[in-house]
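**Student:** Sharing a structure below in structure tokens format, with a few things to ask.
The values are calculated or read from the model by the stated rules, or taken from the named source; none is laboratory data. Worth saying up front: this structure is predicted, and the values here are computed from it rather than measured. Positions of Cβ are backbone-derived with ideal geometry, glycine not excepted, and every protein chain shown enters the neighbour counts. Each accessible area value is taken on the protein alone, full model and side chains, heavy atoms only, with ligands, DNA and RNA left out. Shrake-Rupley method; radii C 1.70, N 1.55, O 1.52, S 1.80 Å.
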Amino acid sequence: MHAPPFSIFSAISELFVTAGVLYIIRRNWTRRTFSLAVFLAVALFEALVNVMYMARRSAEAASGAQAIAPGLRVFFALHGMLSLLAYLVFVIFGVLAYQEQRAGRFWFRDRPGVTWTFLVAWMISVISGEVLFAVRYLLP
Amino acid sequence: MTARRAAEHPRARRLRAPLLITLWVLFTIEAVGGLVIFFARLAWGVAPGETLHVVCGVALTLAYLIYQTRHWLRVAPPRARLDYALGIIAALAMIAANGFGLMLGVIWWRARTDPAGGAGIHYPPLLSAMHNIASLLVITFVLAHLGAVLARDRAPGGPPSET
């Protein structure tokens with residue numbers, strides 16, 4: 001199946017967003033200044049482009065307009081749910097990290113268990129999105 | 001009023017106000033119910049708890065209108081602070097989520113009251129997507145706003161007096 005241009009854009013940009021997320025956490029982990037500009041750019045871009053794209057595709061899939069295998073639908077739903085929650089948690093953690101750093105504390109560094117759990121969830125969300133893209137558009 | 005209660009920060013009292021508690025209960029029902037509907041519609045083409053979601057959505061809109069008006073009158077004018085910025089984003093997202101949700105509710109109502117109905121309700125994908133994304137932003141930025149305010153309270157120097 002031919003991949004729509006916006007699907008390709010979203011699949012590639014998601015990797016850059018992930019790089020931004022890792023950059024923010026890495027800086028906090030190594031006790032360096034929280035980059036509010038990068039955080040806001042990543043959070044807004046992810047919401048207005050990638051999450052919006054995912055919500056639109058989900059709504060189209062849910063409308064029944066496209067023929068999608070039942071197994072793929074469940075996988076799509078799981079990916080959609082995880083993506084929404086991962087984004088939600090990222091923004092909340094980012095805000096808390098920003099606030100804590102102003103008081104001289106490093107939120108992610110001080111909570112390694114929470115940080116690693118979030119990173120694993122985020123990576124599963126991104127990888128499952130790339131797998132969906134490959135299954136839907138790249139595999140014969 | 002006891003001395004302990006009199007010494008309590010006004011925010012602690014506001015967080016226990018009946019209107020805010022009502023709002024939190026409706027908000028939780030809508031958030032959890034919305035996520036369940038999102039997942040089930042996509043995975044199996046069904047919408048469990050749709051009626052509850054619509055009814056509580058209308059109640060949430062009304063309670064939110066009252067709460068937001070009072071809240072704004074207390075905290076206005078806007079200030080250049082992160083908690084304000086997050087609160088304004090949350091308010092705009094809430095207006096969008098409720099607005100799109102009510103439009104979906106009208107479609108739901110018409111389908112339910114149509115004597116010729118019976119087949120599944122067809123929601124426009126774009127409208128559905130706008131409601132979903134706005135709702136996600138509401139959950140995200142309401143929690144981030146609350147987190148920022150509470151984190152500010154814990155900062156050295158303690159909470160500011162009224163905002």
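**Student:** Give the accessible surface of the protein assembly as shown per residue, rounded to a whole number of Å², with probe radius 1.4 Å and ligands, DNA and RNA excluded.
**Tutor:** Dividing the accessible area of the protein assembly as shown by its residue count gives 52 Å².
**Student:** Another one. In percent, how large is the relative contact order of chain B, given Cα pairs closer than 8 Å and 6 or more residues apart?
**Tutor:** Relative contact order, chain B: 24 percent.
**Student:** Over 23 Å, how big is the tail of the calculated P(r) for chain A, in percent of all Cα pairs?
**Tutor:** Counting every Cα pair in chain A, those more than 23 Å apart make up 37 percent.
**Student:** Right, something else. Taking the Cβ of A:Met81 as the center, what net charge do the other residues with Cβ under 15 Å away carry, scoring Lys and Arg +1 and Asp and Glu -1?
**Tutor:** Overall, the nearby charge balance is +3.
**Student:** Measure of size requested: the Rg and Dmax of segment B:3-154, with Cα atoms as the atom set and Å as the unit; please supply both.
**Tutor:** 17.9, 65
**Student:** Let me ask another. Provide the three semi-axes, in whole Å and in decreasing order, of the ellipsoid equivalent to the protein assembly as shown as defined by the square roots of 5 times the Cα gyration tensor eigenvalues.
**Tutor:** In descending order, the three semi-axes are 35, 28, 14 Å.
**Student:** Okay, helix-only estimate at 222 nm for chain A: each DSSP H run of n ≥ 4 adds -39500 (n - 2.57), divide by all residues, round to 500 deg cm²/dmol; what do you get?
**Tutor:** -25500 deg cm²/dmol
**Student:** Specify which residue in the list A:Gln101, B:Asn132, A:Phe45 is farthest towards the positive end of the charge dipole of the protein assembly as shown, using unit charges on the beta carbon of Lys, Arg (+1) and Asp, Glu (-1), about the Cα centre.
**Tutor:** Working it through, the farthest residue towards the positive pole turns out to be A:Gln101.
**Student:** Let me ask something else about it. Take the alpha-carbon centre of segment A:1-79, take the same for segment A:96-128, and report the distance between them in whole Å.
**Tutor:** What the calculation gives is 18 Å, centre to centre.
**Student:** Let me ask something additional. Ignoring ligands, DNA and RNA, how much accessible area is buried between chains A and B, both sides summed, with a 1.4 Å probe, to the nearest 100 Å²?
**Tutor:** Approximately 2700 Å² gets buried when A meets B.
**Student:** Give me the net charge for the shell around B:Val55: Cβ to Cβ below 15 angstrom, other residues only, Lys and Arg +1, Asp and Glu -1.
**Tutor:** -1
**Student:** Something else now. Rounded to the nearest 500 deg cm²/dmol, what is the calculated helix-only ellipticity per residue at 222 nm for chain B, with -39500 (n - 2.57) per DSSP H run of length n ≥ 4?
**Tutor:** -26500 deg cm²/dmol
**Student:** Looking only at other chains, what is the average number of their beta-carbon atoms within 10 angstrom of each beta-carbon in B:138-148?
**Tutor:** For peptide B:138-148, the averaged partner shielding equals 5.
**Student:** Take chain B, connect every pair of alpha-carbon atoms lying under 10 Å apart with a spring to form a Gaussian network, then pick out the residue of B:Ala40, B:Ala116, B:Ala91 with the largest mean-square fluctuation.
**Tutor:** It is B:Ala116.
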